[in-house]
Structure formats: C-alpha cells, structure tokens
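Accompanying notes for the structure given below.
A short reminder: the numbers here are calculations on the coordinates, not readings from a lab. As the structure is a computational prediction, the values presented were derived from the model and not from experiment. Don't worry about glycine lacking a Cβ; one is built from the backbone with ideal geometry, like all the others, and counts go over all protein chains shown.
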Amino acid sequence: MPEFDAPKPVGGGSAETAQVGKMLGNLNPLDSKQMAHAENQSSQLLESAKGGGFRVSENAAKPIRDALIEAYDDVLGILKEARVLAAEPQLGTGPYAQQVANHVRQSADGPQGILPVLEQLKGILQKSEQALKIAMDNYRETEAEQQSTFNGH
C-alpha cells in the first residue's frame, strides 16, 4: 500500500493565528499575570474576529483549532475530577484539624485555588477556539465574494 507524506501547510495563515499559538504555547496557568494577559488577548482576538478584523484559511487554522478543542475537553475532564477537592476533608474537630481542612479546600476553590485557574483557562481556550472558527468563516466568505466577483456574478 502506498504511503504519503503529511500534507504541507498552504498559505492563508495570519499574524493573529500565530499569536494564538504563541500565547497558549507559553502559558503558565499558575502565573496569574500570564493568565490575565492570556484572558485579555483571547477576548481581543474574539472581538477582532467578530468585527471581521482577521481571516484565516481552514488549512492554517484547523490544527490550532483542533488542539484548542482537545485542550478544552481535557480541562473539562480535569475540572470534573478536581471539584472533589473543594469538599473540606473531615480531619477532626480540633482547631488544627479544621485549619488544615480549610487550607486544603482553599487550595481547590480559594482565590488562588486550582478550580478558578482551570475555569479561567477553560474560558481562554473557548474564546480562542471561537475566534478561530469565526476567522475561518470570515475567510470562506471573503473567498466566496472574490470568486463571485471573478466569475462576474
């Protein structure tokens, strides 16, 4: 049976698409400044796409979009399992036991806990994926308009 090489990417990418890859590739979810910056960038990217600010071909966007969807699904699975951590463990009634139990719960759902970080990451991934979907739609619409103009319709 013949074997074929993987298809080579074709043009149609954009600086915005490269920015998504760079932003998410270097993201440290435990760094609140990076997370806030990534959240801001994903919101701006989504607004730009909604406003027609960028277009990207399916060939260029699909691998990134697929990775975003897979990461989003992974985060949903982790969130489902991690919610158990928000239950304060029953360590006893003594003051130290209660202090430790509260600390364990805070590490899950407190302001610096893992659950808020995962929720934030979920939002970043979702906005970035939506932005790419819209940018792909923008690209298809532009291609259709150009084809129509070229065909004289």
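At-a-glance table
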| read-out | value |
| --- | --- |
| Projected label distance in nm at Lys133 and Asp66, using a 7 Å step from Cα toward the beta-carbon | 1.8 nm |
| Per-pair calculated FRET efficiency, R0 = 22 Å: Glu143 and Asp73 via Cβ, rounded to 0.05 | 0.15 |
| Extension gain from Asp31 to His103, taking 0.36 nm per residue of separation minus the Cα-Cα distance | 23.9 nm |
| Stretch gain in nm, segment Ala87-Asn40, where the contour uses 0.36 nm per residue and the Cα spacing is subtracted | 13.8 nm |
| For peptides 54-67, 107-120, sequence by mean Cβ density within 10 Å, most packed first | 54-67, 107-120 |
| FRET efficiency estimate (nearest 0.05) - Cβ-Cβ, Gln126 to Asn59, R0 22 angstrom | 0.45 |
| Electrostatic dipole magnitude of the range 36-128 [Cβ: Lys, Arg +1; Asp, Glu -1; Cα centre; debye, to 20] | 180 debye |
| Per principal axis, descending, Cα span of the range 15-150 in whole Å | 79, 25, 21 |
